[in-house]
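Trainee: Sharing a structure, written as structure tokens. Questions coming.
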Amino acid sequence: MRPAPGSPYARALAAIERRGILLVYPLANRAEPRSLWSELHPRSPMRWSWDAGADGRVARLWHLREELARSEDVVYAKWFRGRATFFARPVFRGMLASLAREADLRAGLSRGAAALLELLEDNSPQSTKELRANAELQGRANEAAYTRALKELWSRLLVVGVGEVEDGAFPSLNMSATRLRFEDLWPGGAQAASDREADSARLEATLGEAPLFARELGKTLATLRASKID
């Protein structure tokens, strides 16, 4: 069911679908790359603060982020430099296809990343706390190893965020293997050639307007290219 016209959810969804890729919050209030904040509040610099004088729109956008991620209207991943990123579905499908054309998306994954992906493909979604426990990567000593492994999966879009769960003192991100959550967007499905061409054209147009996003994708394509040589 489509959201009510004019609601915060509807406005955010329209912005993501229009731009193709958006961060949630801007980087140091710079114009690029574009963010949901800059689309919804174009004349307002964002001040990251949670004190008594904080801008309530910052917290509201954080909660809206969770609502959008929990839906399947758009795709949510910590993709751009590890930051919260939303994708329109056709752009995400086009990006996955472009990566898969370069090499197997699993090619060259580290042992840690492959282990996390296997856990998520066996059982999704899992919260951060659950995934770390199942991978036996709890505790501060394993923080760096877990972060590095998960970053590999985010960069290749092998994992998506699907909302949050109450998992202790703070909510914990719920994650799923992309192949399970968005089977219809996964490469190799029964998609018409015209639809594949449309996705590719939409991705090209989106990246043409967002050079920093294009550069980020280029890094992952280069990594996959190198995996074939290794």
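The values are calculated or read from the model by the stated rules, or taken from the named source; none is laboratory data. The model shown is predicted, which means the values in this text are computed figures rather than measured ones. Cβ atoms come from the backbone with ideal geometry, glycine included; neighbour counts cover every protein chain shown.
Trainee: Between residues in segment 18-40 that are within 15 Å of VAL91 (Cβ to Cβ) and residues that are crowded, with 19+ Cβ neighbours inside 10 Å and aromatic (Phe, Trp, Tyr), which pairs lie under 6 Å by C-beta distance while being six or more apart or on different chains?
Mentor: ILE21/PHE87; ILE21/PHE213; LEU22/PHE86; PRO33/PHE213
Trainee: Checking ARG47 against (1) in a helix (DSSP H, G or I); (2) free of Cβ contacts under 8 Å to residues at least 12 places away in the same chain; (3) loosely packed, with under 13 Cβ neighbours inside 10 Å: exactly one of these is not met. Which one?
Mentor: (1)
Trainee: Moving on to the next point. Report, ordered by the first and then the second residue, all pairs with beta carbons closer than 7 Å, sequence separation of six or more or different chains, a first member in segment 125-139 that is touching a residue at least 24 places away in the same chain (Cβ under 8 Å), and a second member that is of a type in the set (S, T, N, Q) and in a strand (DSSP E or B).
Mentor: PRO125/ASN174; PRO125/SER176; SER127/SER172; SER127/ASN174; THR128/SER172; LYS129/SER172
Trainee: How do the helices (runs of 4 or more DSSP H) wholly within segment 146-230 filter down when requiring 3 or more residues that are modelled with pLDDT under 95 and out of contact with any strand residue (DSSP E or B) (no Cβ under 9 Å at 6 or more places or on another chain): which remain?
Mentor: The qualifying helices (runs of 4 or more DSSP H) are 193-208, 211-229.
Trainee: Same structure again: Under the condition of being within 26 Å of ARG202 (Cα to Cα) and exposed (fewer than 11 other Cβ atoms within 10 Å of the Cβ), which residue from segment 31-44 is nearest to the chain's Cα centre (by Cα)?
Mentor: The selected residue is ALA31.
Trainee: Tally the residues that are over 20 Å from ARG156 (Cα atoms) and among the aromatic types (Phe, Trp, Tyr), restricting the search to segment 57-97.
Mentor: Number satisfying all stated conditions: 1.
Trainee: Turning to a different aspect of this structure: Taking helices (runs of 4 or more DSSP H) that do not extend beyond segment 79-143, which have at least 3 residues that are small (Gly, Ala, Ser)?
Mentor: 89-102, 111-122
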